[in-house]
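**Q** My questions will all concern the structure given below.
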Amino acid sequence: MVAGERAETSPKDMSKSQPMAPDPAIAVELEAELAPSRATNLDARPWRVAVATLAILLGVFLALYWRAASDAVAVWSDSRAYNHGFLILPIACYLIYERRDRLSGLAPLPYPRALLLLLPAGLFWLIAKIMGIAEGQQLALMVGVQVILLAVLGKRVYRVLCFPLLYLFFLVPSGDFLIPYLQDFTAWFVVNGLRLSNIPVYSDGFLISIPNDNFYVAEACAGLRFLIAMIALGFLFADFAYRSLLRRACFVALCAIAPVIANGLRAYLIILLAYFTDGSVASGVDHILYGWLFFAIVMAGLLWIGWRFRDQGPLHDRPFKSNVALASPRQFMTVATIALCLVALPRAYAAYLDRDRSGMPGTLVLPDVAAPWSAITEDDGWRPRFPGADLTAQRSFHDGAKRADLFLAYYLRQTEDKKLVSAANTLADDANGEISARSTAVVTLGGATVPVAVTRISTPRGKRMIFSAYWVADRFVASAMTTKLLQAKAALTGGRREAAFIALSAEFDSDPESAVATLRDFAAHLGPLEPALKGVVAR
């Protein structure tokens, strides 16, 4: 280098000789990439405390309400319509695991305000317990579980895990109330389908007759099992395949409607096969095989349709923003203490209501009957079954040409094993007895105008018409649901808790209206029932 000449340095040489200032954009990008791992390390302690708090709370909660939980598990095991209940918890756990990356940067932050929802949930459980509605108790139990999860995990974590946590509601074995409606639809669909096919058909409620065979739309043929399973699968598939809330709702609705129509079509095809094969096909094992094969085709078709309209791209956004603040162990302890107090209140009050303050009931005396009706000792074999009743009484009557039977079942107090309205109670103690039709009517019973449920049944001994009513809270009602509501009101307000079931019955051959006329005439000549029912226990 010549003296006095200025030295020149290239940019490349400068980069080696002195450090460059970091690019702000690159720094922000690196920070965003490192945020999840930093947040994960930072949030490890709150997660451990939250999981321990949930384990204690849910353990105590299930211990307090073990009867509702154990009854649900028993239904999963005993009823084929709810066998899928054993799969719901593993599926929910997998869905939570699948969302683990979306939890990056989040930590549980208790939300104590959510605990206020335990009050209506507890009241709902208490009313359901008094009414003897097991699925109502289980539904309230699941609501309580959701409230505890929300209160401990916080809104942001619960929002991320919303679907798998809400999917736990399928643990509740609910849907039996749909069976009568599904039976009605299936019978209607089959009869109208056969008529459109120009096949001679006779329908008597759920009994369907064609020239070469007879069929009965039983509860097992109502399609409840496939309906519930398809709805559960529809929710799962919708979460997997769609981002749009509208598409999810449409697919779930399709999964609720298609099985009902498919079950009617299945029953129609089975009877059609029986007609064209003279009954050699579509019975026994063939009946079940065709049913499963048909439903498998329907399920595959629904999933194929759903897949054709699936959304493209990522289905879930990944939140990277971490919590503003981390929860302290004291916050979790406060939430746990409040939650334990609130979940214990309904259980304690239920125990208070269940205490028995009365002695054994007296004698149940049947009312007299006016001429031309009179009591007889001959027994025609009709035996309603009410195994939990404290007292029962039954007597037969005739007027020289017609015959009627009177049955009373009396309950002093109702418990989990002694219910006025229960699936264990039957109108006929016949293993092969089937209900062919249901309706309601208003009759004069014991000098009072009383609503009654009208039930037509078929047994190996013949056909029978039955008028029945419940006596609860000093009222006669025909509806089982109204009966349960009145029982709950009486228990909560200190009203009369004694209750009874009344049934009048008459046989018939081919004319059900003749049996209806017989029962109306007998009911009009029967003496007052309420004094006899109130006189069992003096208040």
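**Q** Could you check residue 373 against (1) within 27 Å of residue 217 (Cβ to Cβ); (2) touching a strand residue (DSSP E or B) at 6+ places or on another chain (Cβ under 7 Å) and say which number it fails?
**A** Result: residue 373 passes all but (1).
**Q** Identify, from the list 346, 367, 319, the residue that is assigned to a loop (DSSP other than H, G, I, E, B), at pLDDT 70 or above, in contact with a helix residue (DSSP H, G or I) (Cβ under 9 Å, 6 or more places away or on another chain) and of a type outside the set (S, T, N, Q). First the steps, then the outcome.
**A** Numbers: 346 fails: assigned to a loop (DSSP other than H, G, I, E, B); 319 fails: at pLDDT 70 or above.
Residue meeting the stated conditions: 367.
**Q** Give the residues of region 195-206 that are over 22 Å from residue 512 (Cβ atoms) and in contact (Cβ under 8 Å) with a residue 12 or more places away in the chain, sorted by residue number.
**A** Residues satisfying the conditions are 197, 199.
**Q** Under 8 Å between Cβ atoms, which residue pairs at least 6 apart in sequence (or on different chains) link something in region 219-236 that is in contact (Cβ under 8 Å) with a residue 12 or more places away in the chain with a partner that is surrounded by fewer than 23 Cβ atoms within 10 Å (Cβ to Cβ) and not in a helix (DSSP H, G or I)?
**A** Final answer for the pair search is 224/175; 227/175; 228/84; 228/175; 229/84; 232/84.
**Q** So which residues in region 497-539 are outside any loop (DSSP other than H, G, I, E, B) and in contact with an Asp or Glu (Cβ under 6 Å, 6 or more places away or on another chain)? Talk me through it step by step, then tell me what you get.
**A** The initial filter retains those residues of region 497-539 that are outside any loop (DSSP other than H, G, I, E, B), namely 499-508, 512-526, 530-534.
Scanning region 497-539 gives a single hit, 505.
Okay, residues lined up against (1) polar (S, T, N, Q); (2) assigned to a helix (DSSP H, G or I); (3) within 19 Å of the chain's Cα centre (by Cα); (4) at pLDDT 90 or above:
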position	(1), (2), (3), (4)
58	no, yes, no, yes
69	no, yes, yes, yes
81	no, yes, yes, no
87	no, yes, yes, yes
101	no, yes, no, no
123	no, yes, yes, yes
138	yes, yes, yes, yes
143	no, yes, yes, yes
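**Q** State which residue is nearest to residue 493 (Cα to Cα) when the search covers only region 148-175 and only residues that are part of a helix (DSSP H, G or I) and free of Cβ contacts under 8 Å to residues at least 60 places away in the same chain. Can you show your working first?
**A** Residues of region 148-175 that are part of a helix (DSSP H, G or I), as a first pass: 148-153, 155-160, 162-171.
Keeping just the survivors that are free of Cβ contacts under 8 Å to residues at least 60 places away in the same chain gives 150, 155, 157-159, 162, 166, 169.
Values: 150: 33, 155: 37, 157: 41, 158: 38, 159: 40, 162: 38, 166: 34, 169: 31 Å.
Going through the qualifying residues, I end up with 169.
**Q** Determine, yes or no, whether residue 468 is in the same structural domain as residue 390 (by TED's automatic domain parsing) and surrounded by fewer than 19 Cβ atoms within 10 Å (Cβ to Cβ). Break it down into steps so the answer makes sense when it comes.
**A** Numbers: in the same structural domain as residue 390 (by TED's automatic domain parsing): yes; surrounded by fewer than 19 Cβ atoms within 10 Å (Cβ to Cβ): yes.
Here the answer is yes, as residue 468 does meet what is asked.
**Q** In region 190-234, what residues are assigned to a helix (DSSP H, G or I), of a type outside the set (A, V, I, L, M) and over 29 Å from residue 78 (Cα atoms)?
**A** Step one: list which residues in region 190-234 are assigned to a helix (DSSP H, G or I), which gives 190-196, 219-221, 224-234.
So of that shortlist, the ones also of a type outside the set (A, V, I, L, M) come out as 192-193, 195, 219, 221, 225-226, 234.
Result: 192, 193, 195.
**Q** Can you say whether residue 455 is surrounded by fewer than 18 Cβ atoms within 10 Å (Cβ to Cβ), in contact (Cβ under 8 Å) with a residue 12 or more places away in the chain, part of a strand (DSSP E or B) and not small (Gly, Ala, Ser), as far as the supplied structure shows? Break it down stepwise before answering.
**A** Numbers: surrounded by fewer than 18 Cβ atoms within 10 Å (Cβ to Cβ): no; in contact (Cβ under 8 Å) with a residue 12 or more places away in the chain: yes; part of a strand (DSSP E or B): yes; not small (Gly, Ala, Ser): yes.
In short, no.
**Q** Right, residue 228: over 19 Å from the mean Cα position of the chain (by Cα) and outside the structural domain of residue 423 (by TED's automatic domain parsing) or not?
**A** Numbers: over 19 Å from the mean Cα position of the chain (by Cα): no; outside the structural domain of residue 423 (by TED's automatic domain parsing): yes.
Here the answer is no, as residue 228 does not meet what is asked.
**Q** Restricting to region 470-496, count the residues that are among the charged types (D, E, K, R) and either touching a residue at least 60 places away in the same chain (Cβ under 8 Å) or assigned to a loop (DSSP other than H, G, I, E, B) (or both).
**A** In the first step, residues of region 470-496 are kept if they are among the charged types (D, E, K, R); the result is 474-475, 484, 489, 496.
Then keep just the ones that are either touching a residue at least 60 places away in the same chain (Cβ under 8 Å) or assigned to a loop (DSSP other than H, G, I, E, B) (or both); that gives 474, 484, 496.
Final tally of qualifying residues: 3.
**Q** Here is a further query. Quick check on this structure: which one of 179, 127 is assigned to a helix (DSSP H, G or I), modelled with pLDDT under 95 and touching an Asp or Glu at 6+ places or on another chain (Cβ under 6 Å)?
**A** Details: 127 fails: touching an Asp or Glu at 6+ places or on another chain (Cβ under 6 Å).
None of the other options fit; the residue is 179.
**Q** Another question, if that's okay. Any residue at all in region 1-22 that's farther than 25 Å from residue 236 by Cα, modelled with pLDDT under 90, surrounded by 10 or more Cβ atoms within 10 Å (Cβ to Cβ) and of a type in the set (Gly, Ala, Ser)?
**A** yes
**Q** Can you pull out the residues in region 396-420 that are without any contact (Cβ under 8 Å) to a residue 40 or more places away in the chain and of a type in the set (S, T, N, Q)? Steps first, answer last, please.
**A** Of all residues in region 396-420, those without any contact (Cβ under 8 Å) to a residue 40 or more places away in the chain come to 396, 398, 400-401, 417-418.
Answer for region 396-420, where residues must be without any contact (Cβ under 8 Å) to a residue 40 or more places away in the chain and of a type in the set (S, T, N, Q): just 396.
The values are calculated or read from the model by the stated rules, or taken from the named source; none is laboratory data. On a predicted model such as this, the values are computed, not experimentally measured, just so you know. Every residue, glycine among them, receives a Cβ derived from its backbone with ideal geometry; neighbour counts consider all protein chains shown.
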